[in-house]
Amino acid sequence: MARPKEHKPETILLAALSVFHEEGVTVSTARIAKAAGVSNGSLFNYFPTKQALIDALYVSIKSEMAAAVGEPDHAKPIEHRVRQIWDRWFEWARDNREAHHVMNLLHQAGLASADAQAVGNQHFEGSVAVFDEALAAGVLVDLPIDYLGALVQQQIDQAVVSELDDHQAEVAFGVLWNGITRNSNPPSTKASQ
């Protein structure tokens, strides 16, 4: 009797990525199992719940993205390091649109658990440290670091969705940098309605 083919969790994660991208996150685990070429029972051997599958996929994508972003060159000035993070993140997102889309979908819909988000964020400690340093040095405007990080993420997301070329991405970084740093002079009073 032939031994059953072994199904690796990576195959299931790739199928989930594709199905979530094409059909959204409300699909059944049976649909993901079918796309992976495994039974629903086999899927549950690796991922006991749909939440476990979502969390594993989210952490996998964040890990892949973090590897692409890498560590900024700490010998360089802060603006250069932030630019390195921007360029590498943008390049990864542009080259991995499906994964970028699904990562955002899982995060924005609140489907990745708090634990999965915490694990995913651990991969970016070097990048976060650059922003913490910039805030402490007075380079960034006085806003919570989570807010500034969300602005960076939204700018990159919009750059990817808008399919900016390299020159346009450079201009977009300039817009972002001027918006989050103290080097610009904001209006002293609120604009009248």
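When only C-alpha pairs under 8 Å and at least 6 residues apart count, what is the relative contact order of the chain, in percent?
This gives 20 percent for the chain.
Using 7 Å Cα-to-Cβ label points, what is the V175/E98 separation (nm, one decimal)?
Here the modelled spin labels are 2.9 nm apart.
Just Y46, Y58, Y147 to compare: in a GNM of the chain, with alpha carbon springs under 10 Å, which one fluctuates most?
Looking only at Y46, Y58, Y147, the largest GNM fluctuation is found for Y147.
What is the count of Lys pairs in the chain whose alpha carbons sit under 20 Å apart, if the two are 8 or more places apart or on different chains?
Final tally of qualifying lysine pairs is 6.
Tell me, how many Å apart are the Cα centres for region 144-186 and for region 86-125?
Answer, in whole Å: 17.
Quick one: if the Förster radius is 41 Å, what FRET efficiency do A129 and K8 give, using the C-beta to C-beta distance and rounding to 0.05?
0.75
Report the label-to-label distance for D87 and Q154 in nanometres (one decimal), using points 7 Å from each Cα along the Cα→Cβ vector.
2.6
Once you put a point 7 Å from the Cα of Q122 and another 7 Å from the Cα of E22, both along the Cβ direction, what distance in nm separates them?
3.4
So the label point goes 7 Å from the Cα of A67 along Cα→C-beta, right? Which residues of region 84-101 then have their backbone N under 20 Å from it?
Once the point is set 7 Å along Cα→Cβ of A67, 85-101 turn out to lie under 20 Å by backbone N, inside region 84-101.
Let me know the longest stretch in the chain that avoids all trypsin sites (Lys or Arg not before Pro) found in a DSSP loop with at most 13 other C-beta atoms within 10 Å.
The longest such stretch corresponds to 6-181.
Based on the alpha-carbon gyration tensor of region 63-193 and its eigenvalue square roots a ≥ b ≥ c, which shape applies: rounded if a/c is under 1.5, prolate if not and a/b is larger than b/c, or oblate?
rounded
None of the figures in this text is laboratory data; all of them are computed from the coordinates on show. Model, not experiment: these values are computed from the prediction. Here the Cβ is made from the backbone with ideal geometry for all residues, glycine too, and neighbour counts use every protein chain on show.
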